[in-house]
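This report refers to the structure that appears directly beneath it.
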Amino acid sequence: AKHQGKNNYQLYSFSRDISSYKKFVLEKDMRKAIVNEEFELYFQPQVEATSGVIRSAEALIRWNHQEWGLVSPGEFIPLAEENHLIHHISDWVIRKVCAQLREWMDKGYTLRPIAINISPIRFLKKGLVDLVKMQLELFQVPAKYLEIEITEGSLLKSEKGVLSTLEGLQKLGVKIAIDDFGTGYASLNYLQEYHADTLKIDQVFIQNINHDNKKGNAIISAILHLAKGLDMTVVAEGVEDPVQFEFLKQRECDLIQGYLFSKPVPLETYEQMMQTGYLK
Ligand code: C2E
Ligand code: CA
Ligand code: CA
Ligand code: CA
């Protein structure tokens, strides 16, 4: 019995060691990842509900790790937030998207806004407005083509610093979107205190859409109504099937983002989508 106990322990500690080993390696390698150009942006189109026309896209980061392959942001962003590399990553994303927009302008493409994700931790650090301003000027990109997505968590820490950062960005002409709306702990009060441009309904609500889910459907209808009343653009995230799409379209949801139209795709694929101009 003692022998078996030992084996069980080894098995357990072996799998635990893999994940803590991976965490250790990822954290170590993250420091070199920017210089080694291992990060890549994928793009997920946001489609106008009424027409299927691509209006904008969200840029989502991927990490091409030599050993582990494609690592999802769900795995390394929390690590980066712990060890503060999130600042470098955020700044890389801002620069990369500005450079990309410039390239599209030079190629003569019809420009569509790109939304990026900025961690609450980056938001609390000073200098974000200046950095964004500098990159927009450097690449000569009109600010309205950049949208910054923040979670309700960022607004919760709604000290003066965060609010003035948001307003500073909007003064530049950058759009602000509230991401994962409805899942955070912030109260509705901030919608009154602060005017964001866009509201993104979290996918947990979208997944609940169906014919029998009276409560779930009532909540989405209410969110859409609320956003209209506040004059915000509404994006539904994680739309995977036609029933969800029809529901949202009937209730005048502006933009649809989800696997029904497209997964996040690499740059070249997104460029092809841009040329075509619409999905469906
Ligand atoms: P998010 O900002 O809420 O992004 C939406 C996530 O939902 C993406 O996962 C996207 O691939 C996924 N998604 C989109 N449509 C569907 C759908 O129809 N069905 C399902 N099941 N999923 C869908 P992803 O790319 O793995 O990103 C996960 C999270 O990582 C993001 O959630 C965001 O919080 C974070 N993240 C991604 N890129 C960045 C970045 O550049 N910076 C920061 N700070 N965070 C990022
Ligand atoms: Ca997002
Ligand atoms: Ca989201
Ligand atoms: Ca999310």
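For this structure, a couple of remarks:
- Pick from segment 142-160, criterion small (Gly, Ala, Ser) and assigned to a helix (DSSP H, G or I), ranking: nearest to ligand 4 (Cβ to nearest atom): Gly153
- Against the conditions (1) of a type outside the set (Gly, Ala, Ser); (2) modelled with pLDDT under 95; (3) farther than 13 Å from Cys253 by Cβ; (4) within 16 Å of ligand 2 (Cβ to nearest atom), Asp197 satisfies every one except (2).
- Taking helices (runs of 4 or more DSSP H) as the structural unit, those lying wholly within segment 161-280 and holding at least 2 residues that are in contact with a Ser or Thr (Cβ under 9 Å, 6 or more places away or on another chain) and within 16 Å of ligand 4 (Cβ to nearest atom) correspond to 203-207.
- The residue that is surrounded by the fewest Cβ atoms within 10 Å (Cβ to Cβ), counting only those in segment 140-166 that are free of Cβ contacts under 8 Å to residues at least 12 places away in the same chain and charged (D, E, K, R), is Lys160.
- Flag if Leu101 is surrounded by fewer than 18 Cβ atoms within 10 Å (Cβ to Cβ) and either over 24 Å from Glu38 (Cα atoms) or within 19 Å of the chain's Cα centre (by Cα) (or both): no
- Yes/no for Thr183 being within 16 Å of ligand 2 (Cβ to nearest atom) and of a type outside the set (D, E, K, R): yes
- Residue-level analysis places Thr183 among those that are among the hydroxyl-bearing types (Ser, Thr, Tyr) and over 30 Å from Asp106 (Cβ atoms).
- For segment 49-85, the set of residues classified as of a type in the set (A, V, I, L, M, F, W, C) and under 24 Å from Val141 (Cα atoms) consists of Val53, Ile54, Ala57, Ala59, Leu60, Ile61, listed by residue number.
- Options Leu166, Leu156; residue that is under 22 Å from Val93 (Cβ atoms) and either under 19 Å from the mean Cα position of the chain (by Cα) or at pLDDT 95 or above (or both): Leu166
The values are calculated or read from the model by the stated rules, or taken from the named source; none is laboratory data. All figures in this text were calculated on a predicted structure; none of them were measured in a lab. Reconstructed Cβ throughout: ideal geometry from the backbone, glycine too, with neighbour counts over all protein chains shown.
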